[in-house]
Amino acid sequence: MDVLRTKSIEQSLADTEDPEFQLKRRLTALDLTVFGVGVIIGAGIFTLTGRVAQAYAGPAVVFSFVLAAVCCGLAALCYAEFSSTVPVSGSAYTFSYATLGEIVAWIIGWDLLLEMMLGASVVAQGWASYFETFLNQIGVAWPEHLGYGDRFNLAAFLLVALLTALVAYGIKESLRVNLVLVGVKLFIVLFVIVAGIGFINKDNYHPFVPKGQPIEGNEKVLHTPLLQLITGSPQAYGVAGIMFAASLVFFAYIGFDVVATTAEEAANPQRDLPRGIIGSLVICTILYVAVALVITGMVKYSDINPDAALASAFIDRGKDGYATLISAGAVAGLTTVVMTLMIGAVRVTFAMSRDNLLPTAIARTSPKTGTPVLLSVAIGAVVAVVASVTPVGKLEEMVNIGTLTAFFLVSLSVPVLRRNRGDLARSFRVPWSPWLPWLSALICLFLMINLTVETWLRFLIWMVIGFVIYFAYGYRHSRVGRGIGIPARDYSRHDE
């Protein structure tokens with residue numbers, strides 16, 4: 001059983017010209033950067049910053065953001081090299097198929113689906129909460145039995161349904177809407193930073209790194225980071241708290257990798273993809289650190305409202321109008337996150353289906369829209385149901401572990417592709433390879449083991465389900481396994 005069979009670079013590129021599965025190349029470097037900023041700026045600023053600072057790191061959450069950014073930055077370099085060398089839809093899934101083998105590609109694809117579909121559902125629920133808050137602030141009542149936290153979350157369902165239609169209609173049209181909404185939320189974020197500076201109390205920064213405290217609770221074993229459980233020192237705050245917080249705020253950065261899923265739709269992928277990936281990450285890191293400093297300076301970390309930190313901070317200063325503006329910004333900001341994650345989920349599933357690891361029928365593109373309409377509707381339906389009827393908000397750490405696993409494997413893949421296919425033209429190269437990719441993989445692994453035991457158990461269950469599907473369908477139907485579409489030369493795993 002050859003589960004490590006690879007798909008050659010040439011075969012991947014040839015597949016992009018198949019009329020049944022062809023996407024339109026319409027995206028510029030600006031589109032890609034806006035795309036990345038659109039998905040990264042959202043949940044991290046509007047929900048995670050205050051909650052993680054209050055519960056785990058205090059003002060030192062700034063260090064957590066920087067550590068997570070370093071991890072993402074190193075992974076971004078690896079993504080930039082891969083996506084500019086192999087400009088094919090599917091992101092890390094496609095990259096690993098060419099280097100580490102089919103079973104690893106399946107694992108990454110399955111992890112990316114976890115990241116993007118579950119992430120979209122989590123953020124859709126957060127959007128619904130802010131949407132209802134915004135309506136209340138402007139005097140509009142939302143039906144109580146159809147609100148956030150009830151059996152059926154109508155707002156989340158309607159959001160996902162609308163975005164599904166937009167995503168199915170076309171990538172360029174989706175990004176036009178994205179551009180407007182990104183402009184709105186960047187204005188709000190800059191407004192928060194500028195307005196909040198005037199309310200900073202330097203005393204709130206002391207202690208900047210609060211003293212470590214034991215984690216309390218009856219279920220503390222399941223809720224303890226795996227590394228802390230192994231070392232026998234489960235605690236919040238202090239250095240351990242900063243590390244744990246970094247693994248949580250990592251959720252705030254998910255999305256730059258979604259830029260790589262659109263590689264096949266970039267007009268000039270070799271030039272524009274590295275710019276889009278790295279540019280969006282740099283912009284967002286600066287904004288995250290600035291907002292973290294403002295919120296922990298405005299409010300003592302122990303007094304931060306974990307559910308609506310930014311809005312509550314301004315309400316406490318008698319600036320209710322500012323809070324309304326922030327809620328409006330959150331509605332716009334989280335909309336772009338949900339849409340971009342859904343686009344990413346569609347593109348990854350599209351790549352897996354084109355390879356027949358999942359049924360190919362769902363991946364065919366519409367000649368009119370240039371998008372896989374059936375697949376877009378299917379992904380949207382799943383996200384809508386999960387977001388509207390399940391308490392998925394408690395599972396956001398699952399998004400992190402899926403993403404980190406993908407980053408870990410992509411980082412390992414760069415030196416492998418350098419060794420096996422040194423002949424490929426590379427418009428962008430990771431400096432100091434293989435040392436930098438290896439460092440990226442180690443940091444990803446470190447953040448993974450800082451996630452909770454409960455998250456690891458759920459992740460293992462998800463992986464078991466994925467392996468069942470792969471061996472029941474994917475392995476037997478794989479185009480590579482059946483020799484379909486392979487170019488004249490035999491690009492085997494050993495001579496690539």
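The values are calculated or read from the model by the stated rules, or taken from the named source; none is laboratory data. These numbers were taken from a predicted model, which means no experiment stands behind them. Don't worry about glycine lacking a Cβ; one is built from the backbone with ideal geometry, like all the others, and counts go over all protein chains shown.
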(request) May I ask you to say which residue of V239, V289, V282, V249 is surrounded by fewer than 24 Cβ atoms within 10 Å (Cβ to Cβ), under 17 Å from the mean Cα position of the chain (by Cα), at pLDDT 85 or above and at negative phi? (result) V282
(request) Could you grab me the full set of residues in the range 363-372 that are surrounded by fewer than 18 Cβ atoms within 10 Å (Cβ to Cβ) and either under 13 Å from V348 (Cα atoms) or β-branched (V, I, T) (or both)? (result) T369
(request) Kindly indicate whether T16 is among the hydroxyl-bearing types (S, T, Y) and within 19 Å of I283 (Cβ to Cβ). (result) no
(message) Taking the criterion of being assigned to a loop (DSSP other than H, G, I, E, B) and touching a residue at least 60 places away in the same chain (Cβ under 8 Å), would at least one residue in the range 336-350 satisfy it?
(response) no
(message) Suppose the filter is touching a Leu at 6+ places or on another chain (Cβ under 7 Å), under 28 Å from P87 (Cα atoms) and part of a helix (DSSP H, G or I); does L417 pass it?
(response) no
(message) For V410, only one of the following conditions fails: (1) of a type in the set (A, V, I, L, M, F, W, C); (2) within 23 Å of I278 (Cβ to Cβ); (3) free of Cβ contacts under 8 Å to residues at least 40 places away in the same chain. What is its number?
(response) (3)
(message) Taking the criterion of being under 23 Å from D257 (Cα atoms), in contact with a Phe, Trp or Tyr (Cβ under 7 Å, 6 or more places away or on another chain) and in contact (Cβ under 8 Å) with a residue 24 or more places away in the chain, would at least one residue in the range 315-328 satisfy it?
(response) no
(message) Show me the helices (runs of 4 or more DSSP H) entirely contained within the range 1-107 in which 1 or more residues are at pLDDT 80 or above and within 22 Å of R275 (Cα to Cα).
(response) 29-40, 61-85, 92-99
(message) Please go through the range 223-253 and give me each residue that is hydrophobic (A, V, I, L, M, F, W, C) and over 21 Å from R458 (Cβ atoms), ordered by number.
(response) A236, V239, A240, I242
(message) Please pick out the residue among L310, L273 that is buried (at least 24 other Cβ atoms within 10 Å of the Cβ), modelled with pLDDT under 85 and within 29 Å of Q137 (Cα to Cα).
(response) L310
(request) Look at the range 279-307 and say how many of its residues are over 12 Å from I40 (Cβ atoms) and part of a helix (DSSP H, G or I). (result) 13
(message) Looking at the range 332-373 only, could you name the residues that are among the basic types (K, R) and either touching a helix residue (DSSP H, G or I) at 6+ places or on another chain (Cβ under 6 Å) or over 15 Å from A168 (Cβ atoms) (or both)?
(response) R347, R354, R364
(message) Show me the helices (runs of 4 or more DSSP H) found entirely inside the range 426-489 where at least 2 residues are among the aromatic types (F, W, Y) and surrounded by 14 or more Cβ atoms within 10 Å (Cβ to Cβ).
(response) 435-448, 453-469
(message) Among the residues that make up the range 108-124, is at least one of them under 30 Å from R421 (Cβ atoms), surrounded by fewer than 23 Cβ atoms within 10 Å (Cβ to Cβ) and at pLDDT 85 or above?
(response) yes
(message) Residues to consider are F157, F131; find the one that is among the aromatic types (F, W, Y), under 30 Å from T369 (Cα atoms) and part of a helix (DSSP H, G or I).
(response) F157
(request) Scan the range 111-131 and report the pairs whose first residue is closer than 10 Å to V337 by Cβ and whose second residue is among the acidic types (D, E) and buried (at least 24 other Cβ atoms within 10 Å of the Cβ), with Cβ atoms within less than 7 Å and a gap of 6+ or a chain change. (result) none
(request) Return a yes/no flag: does the range 379-389 have any residue that is among the hydroxyl-bearing types (S, T, Y), surrounded by fewer than 17 Cβ atoms within 10 Å (Cβ to Cβ), farther than 30 Å from S84 by Cβ and in contact (Cβ under 8 Å) with a residue 12 or more places away in the chain. (result) no
(request) Filter the range 367-384 down to residues that are out of contact with any Phe, Trp or Tyr (no Cβ under 8 Å at 6 or more places or on another chain) and farther than 17 Å from M116 by Cα and give me whichever is modelled with the highest pLDDT. (result) L374
(message) Show the residue pairs meeting these rules: Cβ distance below 7 Å; 6+ apart or different chains; first residue within the range 61-82 and touching a residue at least 60 places away in the same chain (Cβ under 8 Å); second residue not in a helix (DSSP H, G or I).
(response) L77/V430; C78/V430; A80/F428; E81/R426; E81/F428; E81/R429; E81/V430
(message) Among the listed residues V399, V468, V464, V453, identify the single one that is in contact with a Gly (Cβ under 6 Å, 6 or more places away or on another chain) and either within 23 Å of I242 (Cα to Cα) or at pLDDT 90 or above (or both).
(response) V399
(request) Show the residue pairs that are 6+ apart or on different chains and have beta-carbon atoms under 9 Å apart, the first residue being within the range 289-307 and basic (K, R), the second being surrounded by fewer than 24 Cβ atoms within 10 Å (Cβ to Cβ) and in a helix (DSSP H, G or I). (result) K300/D203; K300/N204
(message) What pairs come out if I take residues in the range 272-285 that are more than 10 Å from G36 (Cα to Cα) and pair them with residues that are aliphatic (A, V, I, L, M) and surrounded by fewer than 23 Cβ atoms within 10 Å (Cβ to Cβ) whose C-beta lies under 6 Å away, six or more apart or interchain?
(response) D272/A29; R275/A29
